[in-house]
Structures are given as structure tokens and as C-alpha cells.
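The values are calculated or read from the model by the stated rules, or taken from the named source; none is laboratory data. Model, not experiment: these values are computed from the prediction. Here the Cβ is made from the backbone with ideal geometry for all residues, glycine too, and neighbour counts use every protein chain on show. Just the protein is used for accessible areas: all its heavy atoms, side chains included, with ligands, DNA and RNA removed. Shrake-Rupley method; radii C 1.70, N 1.55, O 1.52, S 1.80 Å.
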Amino acid sequence: MNRLDWNGGALPFAGASLLGPDDFGHHFAGPNGNDFAAMMREVDFLIGKGFPLGLALVIGEIDLSVCRQIKRTAARQADYVNWVVMGPILIAVFRKGLLDELSRAWRMLTLEDSELTAGVAFSDSLRNHEELLAAARIALQRALGKRIDLLVLDPIEAQQAISDHQTAQLMRKHLAAGGGDFEAHFQPQVVIDSGLPVGAEALARWHPDGRPIAPSRFIPIAEDNGLIAEIGEMMLALSARALKVLRRNGIAIPHISVNVSPQQSRQGDFLRTVTQILSSERLSAKDIELEITESLAGSGGTEFLDWLADLSSAGFRIAIDDFGTGTSTLARIHDIPAHKIKLDRAFVTPLPHDEAACTTCRSALDLVHQLGKMSLAEGVEHPAQATYLSTLGCTMGQGYLWARPMPEKDLVAWWSGRTTQ
Ligand code: C2E
Ligand code: CA
Ligand code: CA
């Protein structure tokens, strides 16, 4: 397996359960006939005794002679290192204090081979080998995502990673069962001066077993665990269905905006999937606006710009989300085929009394308007913010001042009340 095949996606053995021998089949090769199960029993024993243990997962073209050399060196110093290789992965356990020494040795011995990536977690805050393996797996996944060759989780990060892992397992189970406890809520977008609605943003809601989990928690977990594309497709389908319901109720809603995660842009068939979802509801590209976050818009290369251009020429409206939070978009905004910019809530909240925020909003909006793009301010809560934004030429807004995100049936009532006064 090529190390880069894993970038951005789930690891091949990230199944419904925590790692076990079955995830690897029988492709192991350890020194002295080691096997995975025996090594994990040893790990549990050592954790039980309070022995400070590190566990590393390494992927790439692994040179076993390097491992043997490291093990021999450790044995000479009466230190603890053990490892097995399973398929494309090397699993190494070692005394925690050896990390620096091992990573130095690893780097020196693999100077020629820059294709190795390692994720490491420590036993300090973890209860057994399953948790330790899961935390190391997340470390490796993050290292691959960030394109760095070594990532070490500290005990707090490891605890968080375990809790995220459990949430991801629950999410995978619920999605496999049809996603019934996921919902889309819709937040109106309005013309600031008149308060008249012009569209709505679809926002994912998840309440596993009736207990809601905030999107700010579950969306990043879905992204880390290869589940966001599935959620994205579900949100598109729910939005398409909501458009039909709203229009059947006499509501002339021009579009629904749907959030697109960076990972979805890397899927080759995104355009085809969206088009299929829309045509199954007899809708077309102009009915959906795609919200792409600024971090993605700013970091993407020409491939990403081509992707946006394809979507745009297929008729989709593109909005740059969270504008102002990224670092490089400003320089590239000319090239991005977006028709709308959404000014991030962080800049809107301090208005109109915070001078720095006022200056930032003014210059950002000037630029947006000079480029002939539309502007929408996010997170507008107070009339004074709306008035100030209007003086800066910002035409549209979204925020608690007008409405919170709501289920589709409430949106029908809200929208009718607004347009028939
Ligand atoms: P976002 O795309 O920036 O969405 C706007 C967030 O601001 C929503 O939070 C919304 O409820 C909140 N909001 C709107 N008006 C106000 C206001 O006046 N005051 C305050 N304090 N908050 C306001 P939410 O629903 O919790 O979603 C958080 C983030 O999760 C979203 O930020 C988006 O990045 C992500 N997200 C939500 N649904 C999806 C989805 O279906 N797909 C993807 N990829 N991401 C999603
Ligand atoms: Ca958004
Ligand atoms: Ca936003």
C-alpha cells in the first residue's frame, strides 16, 4: 500500500471495532515469532503494572533490518522495544522514555527513505492496548493528513482522541442504519435592509439516542474518520427534499446553501453525485448553493480551482464560507469563481464598537464588492450590527437577529409570515 493512499481518508483497518488481530489477517512478521495477539497481551500486562509505554504505528516501505538494529541497540541497553509488522503497518511498543532516542535512530537509519509516516501515543491516560492502538491510529491518520512524518499525541490529546474514536464508531453505526437520527435544520438568509428572506443554509443536526451533539464536535470527527462525504450527501438529499416541500407549500425559496467539506472536493465524482441527487428530485444546479470554507479555498492549488470552475460552469452557485478566517484567500480571491462571500461571525460579533473589527469588515467588504461579488454577514445578532453592515454595503445577513436554524416545517411558517406581511 502506498503511504499516500491513506491521505485524508480512513485507515484500511478502521472498521466498526477497535483494532484486533482480524483487522490484519495473518500477515505478520515479527522477530522471534512474535505475533500481534501475544504482543498486545504483553502491552496490557505492562499497562496494568503502570509501566510507561509508547506505541507507534508506522506506515511506508519498512526496512525490517532497521527495526532489528533498533531492537538490538535497545536490548544492549536493557531497554524495552518490541514490534510486529502487519501488512503495510509496523506496530512498535517501547518504554516511553525512549521516544526521543528512537525517533532520532529512526530518522538516521531511514535517511534515504522519506516515505515513512509514524503516529505515536502513550499509555499514561489509557486503559488497555485497544485504547492505545486507537490513539496511535488517530496520530498516524493526522500525520498523514498533515503530511508530516511523525506525530505524537500527548495524554490529554490521546484521551480526546479515544473519546472522538468512540463518537466516530457511533456515527458509523448510525449512518449504516440509515442516518435516521441525523436531521437538517435550515437558517434563513435575508436582505439586511428589508429583512426579506432570500435563501436558507442547511445545517446538520445529530441526536444519537435523543442526546444532541453539536456540529462543531461531530463534523470534525466525521472529517477525521472518512464519514463526512456520507453526511454531505445526506444533507444534499435532505436539502433537495426540503426545497420541494417548501415550494409545494407556496414558498418561492430561490436556493438552499449546503456546506461542502474539504474532503468532498477530493472525491472524483462529487459533481456527478450532486447532480444525481438533484435530478432525482427534478431540481437543477441553480437550486443549490455550495458553501466552501475559506481555509479550503485558500489552500487549494490549480486542481481545486479547476474543480470549482467545473461546479460553477455546471450552474452551481459558490459561496466562500467563514471569510476572513483563512490566511491566503485574500491574495487569491480574484481567481476563485465564487459569486458570494460570507463574512465570518468572528468579525461581525464585535461590531459596531470595536474599531479593529470595523476596519477589517470595511476593507474585506470593499474588496468583495470591487470584485463584483455578493456579500453576506454571518452571526448577526443585534440591530446595531445589521445597521453598521448595511452602511458598509453588505447586502445580506444571517443570524439570530432574524432567525435561528429550524426544522423544515418551522421554516414554512417562518417564511410565509415574512413574505405576506
Ligand atoms: P457554519 O457553516 O459557519 O454555520 C453557521 C453556524 O453559526 C451554525 O452553527 C449556526 O447555527 C451558527 N449561527 C448562525 N447564526 C448565529 C448567530 O447569530 N449567533 C451565533 N452565536 N451563532 C450563529 P452550527 O449549526 O452549530 O454549525 C457549526 C459548523 O458546523 C458550521 O459552521 C459548519 O462549519 C459545520 N456544519 C454544520 N452542518 C454541516 C454540514 O452539513 N456539512 C459540513 N461539512 N459542515 C457542517
Ligand atoms: Ca456554512
Ligand atoms: Ca460560516
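Some observations on this one:
- Shown in residue order for the stretch 251-257 are the 3J(HN,Hα) couplings computed by the Karplus curve 6.51 cos²θ - 1.76 cosθ + 1.60 at θ = phi - 60°: 9, 8, 6, x, 7, 10, 8 Hz (x for Gly and Pro).
- Hydrodynamic estimate: the Kirkwood radius of the stretch 178-419 over Cα pairs, inserted into Stokes-Einstein at 20 °C and 1.002 mPa s, corresponds to D of 117 µm²/s.
- Taking the longest Cα principal axis of the chain as reference, the axis of helix 155-176 is set at about 60 degrees.
- Only lysine pairs 8 or more places apart, or on different chains, with alpha-carbon atoms under 29 angstrom apart are counted in the stretch 43-192, and they number 6.
- In order along the stretch 283-290, the phi-based Karplus estimate (6.51 cos²θ - 1.76 cosθ + 1.60, θ = phi - 60°) of 3J(HN,Hα) comes to 10, 10, 4, 5, 7, 10, 10, 9 Hz; Gly and Pro are listed as x.
- Exposure of Ser390 as accessible area (Å², to 10), given a probe of 1.4 Å and all protein chains: 40
- Gyration tensor (alpha-carbon) shape descriptor, the stretch 122-181, a/c threshold 1.5: oblate
- Under-5 Å amide H pairs with Val198, H placed in peptide plane, nonlocal only: Gln189, Val190, Val191
- Counted over the chain with a bin width of 20 Å, the fraction of Cα pairs per bin, in whole percents, is 24, 46, 26, 5, 0.
- Computed with a 1.4 Å probe over protein heavy atoms only, the accessible surface of the stretch 119-224 comes to 41 Å² per residue.
- Angle in degrees between helix 36-48 and the longest Cα principal axis of the chain, rounded to the nearest 10: 90
- In sequence order, the stretch 307-318 has phi-based couplings of 4, 4, 4, 4, 5, 5, 6, 7, x, 6, 8, 10 Hz under the Karplus curve 6.51 cos²θ - 1.76 cosθ + 1.60, θ = phi - 60°, and Gly or Pro positions carry x.
- Amide hydrogen neighbours beyond the local backbone of Met374, cut-off 5 Å, H modeled: Lys340, Ile341
- Apportionment of accessible area to carbon and sulfur, the stretch 71-176, percent (1.4 Å): 53
- The stretch 342-407 - percent of accessible surface contributed by carbon and sulfur, probe 1.4 Å: 55
- Sorting the segments 74-82, 208-216, 194-202, 145-153 by their residues' average number of neighbouring beta-carbon atoms within 10 angstrom, most packed first, yields 194-202, 145-153, 74-82, 208-216.
- Residue-span extension gain [Ser194 to Leu371] - 0.36 nm each, minus C-alpha spacing: 61.3 nm
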